[in-house]
Amino acid sequence: MLKMQNISKVYRTDLVQTHALRDFSLEVAEGEFVAVTGPSGSGKTTFLNIAGLLEDFDGGSYLLDGEDVSNLNDNQRSKIRNAKIGFIFQGFNLIPDLNLWDNVDVPLRYRGFSAAERSKRIKEALEMVGLGSRMKHLPSQLSGGQQQRVAIARALAGTPRLIMADEPTGNLDSLMARQVMELLENINEQGTTIIMVTHDPELARRAHRNVHVMDGQVTDFTEFERAANKRERDALGG
Amino acid sequence: MFAYYLRLALLSIRRNPVLSGLMMAAIAVGIGAFMTMLSVHHFMSGNPIWWKNDVLYAVGVDTWNPNETYYQSRPELPPQQLTYRDAKALQASDIPTYKAYMFNVVGVFQPENEEIAPFIERGRMTFNDFFAMFDVPFEYGGAWGEQADRRDEFVVVLSREINDKLFGGENSVGKRVVIDGREFMVTGVLKEWHPAPKFYDVTTGAFQEPEAFYLPAQLYETLQPDRSGNTNCWKPENLDSFQAFNNSECTWIQYWVQLDTREQQQRYADFLHAYLQEQASVGRSARPDQYLMATPEEWLEINEVVADDNRVLVGLSFLFLIVCLLNTVGLLLAKFLGRAGDISVRRALGASRLDIFRQQLIECGFIGLLGGIAGLGLAGVGLMVVRKMYRFEGSSMMDGEMILVAFITAVLASIAAGLWPAWQICRVPPAGYLKTQ
Ligand SMILES: Nc1ncnc2c1ncn2[C@@H]1O[C@H](COP(=O)(O)OP(=O)(O)O)[C@@H](O)[C@H]1O
Ligand SMILES: [Mg+2]
């Protein structure tokens, strides 16, 4: 699904150069649920933004879904983001003056779906996150956990192959965090690849695999038993 | 997608009412000032008889002071009006298809209905050709018969307004009205007719209302009416009696002809030239080469109906509009940058730069449209003031064409103002504002 080799990313400001990523290599298979952990400032968000085509990188190679994305123009990158990738942010990033329906509608509008198609997808997505009855509410009328579920619905509505979640539970209390996590697990079970940055070791352990990032490099992989077992079971059971 | 962007524009205006309001106000003030000046110009520079511009001619012959030309700045032009002698002589030519001299008089109406007090009105004495030549529209009846131009007949054509006043708007053809104590029979009532400028007589204000009634000029010597209008004299001569004035070198009469063919036009020019030569040969002051045949357009130009300062004002008000727009550019930039967060979310979710650019420009156009509506209101107020100041009477100055121009200008101007801010905002990197959360 995603294959990064020796990616480097340098931020230059007037005073300093920051090597946010150096020799960053990672492969994620289709259908995986990968948790990315690491200390603050280690480059997790930078990795996610590059992987999600929100930012350019300076060196290395990156294949997304088998396609070399290093030479795409802005327009092509927008199309790929729109069709293949769903984003979930720590700060939810809903548009405050659009109601839930219209927020979920945003990526679908740029996709060029028909009104009927959009309507069907919005309803399904909001129902899936348990907010089907509040479509006319504004984000400010919801709790943080509910807002994040709207953001998930928005990421889901376009049926992306890959979901990028940057500390999706970072602003939520543990109960709400668990609900969001369960939602992501459901989505993953239906085949969507998920890459999630998190600080929470308990949540990280529920992923198939942990990638630890330090100083802009992948330092450690941990494959969890539960996930490994599950995959074996899948392989055996067919 | 256009409807979607319009909805977003509305939301954005609601979210930011102060900034949006300021922008609309800036556009409204700019458009208001510009449209006021442009409408005045458009109104002044109209040719209300454009469809006959190549066959109608204002006629002038130079029998003015031998020692001084009528216009100092344009010595080649004859006086603006004719003497009575010249007017009568020209009227004898049978070259033109239509021909008419004309002048203003005043008359006192004594309505039959005793409840209406007698009142004074401006009238025009002329010929039956006047109505055909200028395509004057009739509501009832028509012009008096040709015989009334040769033999005294007490007949009158009324304007629509005066017919409303005297007869409550009913068909008054055949009825009698009393003017200056004499009875006249109505032969026709005009439809509303307000040529602006009043091209056929600009001597007492190019934007004056047309006269309330029309009488055959044939009756002039019988009625000896009170004249109203401009009279210009140069010769020290006796003007004491009606007869002496009519024989004088004073100019006070307008003259128009319709010449349909090239050949007619050439023959008429030759006729004017010959007439002046003949006058010179009998010892009158006359300049044989100084005759004028001016189309309505040329006539309005010669009489400077559109003053130069009016053009300058249009230019200045346009500059003012640009200043207002520059203000708008600043406001738009502030507004758009305040929304960078939303924009980068849209970008992350798949909006292309072009999508964002379009969204912003449609919002600008929408604000421009609202500003344009307010601006039209302001222009309406401005025009009311201008009308009072310049004593423009009659028809409305803001026609459909001007309203359309106002909207197009407002929308295009605000889109132009939005180009730079929209370009800035669509280049906001999609990741930029997401990271700082
Ligand atoms: N736009 C930027 N400009 C300059 N430096 C940046 C920028 N974004 C990130 N960095 C720096 O790059 C490093 C990695 O940041 P980030 O990927 O946000 O880390 P994490 O998400 O793991 O906390 C940090 O040192 C950060 O200060
Ligand atoms: Mg981060």
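Values quoted throughout were computed directly from the atomic coordinates according to the rules given, and no laboratory measurement underlies them. Since the model is a prediction, treat every value here as computed from it, not as a measurement. A quick note on method: Cβ atoms are made from the backbone with ideal geometry, for glycine too, and the neighbour counts reach across all protein chains shown.
Output wanted: per-residue J couplings in Hz (rounded whole) for the range B:168-180, from phi through Karplus 6.51 cos²θ - 1.76 cosθ + 1.60, θ = phi - 60°, x for Gly and Pro.
For the range B:168-180, the Karplus-derived couplings read x, x, 6, 5, 9, 4, x, 7, 10, 10, 9, 10, 6 Hz, x marking Gly and Pro.
Compute the relative contact order of chain A as a whole-number percentage, counting only Cα pairs closer than 8 Å that sit 6 or more residues apart in sequence. The partial results should precede the final answer.
Values: 430 pairs, mean separation 66.6, N = 238.
With pairs under 8 Å counted, the relative contact order is 28 percent.
Which trypsin sites (Lys or Arg not before Pro) from the range B:169-208 combine a DSSP loop assignment with at most 11 other Cβ atoms within 10 Å? Intermediate values should be presented prior to the final figure.
Details: sites: B:Lys175, B:Arg176, B:Arg182, B:Lys191, B:Lys198; in loops: B:Lys175, B:Lys191, B:Lys198.
Filter output for the range B:169-208: B:Lys191.
How high is the relative contact order of chain B, in percent, counting Cα pairs under 8 Å that sit 6 or more residues apart?
29 percent
What's the FRET efficiency of B:Arg284 with B:Ala117 using the Cβ-Cβ distance as r and R₀ = 35 Å, to the nearest 0.05? Walk me through the numbers before you get to the answer.
On the way: r = 47 Å, r/R0 = 1.33.
Efficiency, from the Cβ-Cβ distance: 0.15.
From the helices alone, meaning DSSP H stretches of at least four residues, give me the mean residue ellipticity at 222 nm for the protein assembly as shown, per-run term -39500 (n - 2.57), in deg cm²/dmol to the nearest 500. Don't skip to the answer; put the middle values down first.
Numbers: 22 runs with 300 residues, N = 675.
Roughly -14000 deg cm²/dmol at 222 nm, from the helical runs in the protein assembly as shown.
For a label point 7 angstrom out from the Cα of B:Glu237 toward its Cβ, which stretches of the range B:263-284 have the backbone nitrogen within less than 15 Å?
Within reach of a label on B:Glu237, which here means backbone N under 15 Å from a point 7 Å along Cα→Cβ, the range B:263-284 contributes B:279-284.
Provide the gained length on full extension for the span A:Thr219 to A:Arg205, in nm with one decimal, where the gain is 0.36 nm per separating residue minus the Cα-Cα distance. Walk me through the intermediate numbers first.
Values: separation 14, 0.36 × 14 = 5.04 nm, distance 1.69 nm.
Extra length available between A:Thr219 and A:Arg205 comes to 3.4 nm.
Name the most mobile residue of B:Asp342, B:Asp86, B:Asp289, meaning the one with the largest mean-square fluctuation, in a Gaussian network model of chain B with Cα contacts below 10 Å.
For chain B, modelled as a Gaussian network with Cα springs under 10 Å, the answer is B:Asp342.
Please work out the FRET efficiency for the pair B:Arg151 and B:Asp260, using the Cβ-Cβ distance as r and a Förster radius of 35 Å; give the result to the nearest 0.05.
Details: r = 28 Å, r/R0 = 0.79.
The calculated FRET efficiency here is 0.80.
List residues of the range B:228-270, by number, whose backbone nitrogen lies under 20 Å from a label position 7 Å along Cα→C-beta of B:Thr97.
Answer for the range B:228-270: B:255-270.
Could you sort out which of B:Lys99/B:Lys191; B:Lys88/B:Lys165; A:Lys3/B:Lys335; A:Lys9/A:Lys79; A:Lys44/A:Lys136 sit more than 32 Å apart by Cα distance in this structure?
Details: B:Lys99/B:Lys191 22 Å; B:Lys88/B:Lys165 34 Å; A:Lys3/B:Lys335 40 Å; A:Lys9/A:Lys79 23 Å; A:Lys44/A:Lys136 35 Å.
From the list (B:Lys99/B:Lys191; B:Lys88/B:Lys165; A:Lys3/B:Lys335; A:Lys9/A:Lys79; A:Lys44/A:Lys136), the Cα-Cα distance tops 32 Å for B:Lys88/B:Lys165; A:Lys3/B:Lys335; A:Lys44/A:Lys136.
Please go through the range B:95-135 and write out the GluC sites (Glu not before Pro) that DSSP classes as loop and that have at most 10 other C-beta atoms within 10 Å.
Working: sites: B:Glu112, B:Glu114, B:Glu115, B:Glu121; in loops: B:Glu112, B:Glu114, B:Glu115.
Within the range B:95-135, the qualifying GluC sites (Glu not before Pro) (loop, at most 10 other Cβ atoms within 10 Å) are B:Glu114, B:Glu115.
List the cysteines of chain B that have no other Cys Cβ closer than 4.7 Å: which are they?
Within chain B, the cysteines lacking a partner Cβ under 4.7 Å are B:Cys324, B:Cys364, B:Cys426.
Between A:Val10 and A:Glu182, what's the calculated FRET efficiency when r is the beta-carbon distance and R0 is 41 Å? Round to 0.05. Show your work: numbers first, answer last.
Working: r = 38 Å, r/R0 = 0.94.
Once rounded, the FRET efficiency stands at 0.60.
Loop-only check: which GluC sites (Glu not before Pro) in the range B:184-280 are DSSP coil with at most 13 other Cβ within 10 angstrom? Write down the numbers at each step before the final one.
Working: sites: B:Glu192, B:Glu211, B:Glu221, B:Glu237, B:Glu249, B:Glu263, B:Glu278; in loops: B:Glu192, B:Glu211, B:Glu237, B:Glu249.
Sparse-neighbourhood loop GluC sites (Glu not before Pro): B:Glu192, B:Glu237.
For the range A:210-221, take each phi angle, set θ = phi - 60°, evaluate the Karplus expression 6.51 cos²θ - 1.76 cosθ + 1.60, and give the result in whole Hz per residue in order, putting x for glycine and proline.
Result, ordered by residue: 10, 10, 9, 10, 9, 6, x, 9, 7, 10, 7, 10 Hz.
Enumerate the calculated ³J(HN,Hα) couplings along the range A:151-168 in order (Karplus 6.51 cos²θ - 1.76 cosθ + 1.60, θ = phi - 60°), each rounded to whole Hz, writing x wherever the residue is Gly or Pro.
4, 5, 4, 4, 5, 7, 4, x, 6, x, 7, 9, 10, 10, 10, 9, 6, x
Taking only Cα atoms and a 10 Å spring cutoff, compute GNM fluctuations for chain B and point out the largest among B:Ser39, B:Ser12, B:Ser159.
Among B:Ser39, B:Ser12, B:Ser159, the largest GNM mean-square fluctuation belongs to B:Ser12.
With a bin width of 10 angstrom, please list the P(r) values of the range A:18-101 as percents of all Cα-Cα pairs, from the 0 bin to the one holding the largest distance.
All Cα pairs, binned at 10 Å, distribute as 13, 45, 34, 9, 0 percent.
Given 0.36 nm per residue, what is the gain on full extension from B:Asn247 to B:Asn171 after removing their alpha carbon distance, in nm? Can you show the working numbers first?
On the way: separation 76, 0.36 × 76 = 27.36 nm, distance 4.01 nm.
Between B:Asn247 and B:Asn171, full extension yields an extra 23.3 nm.
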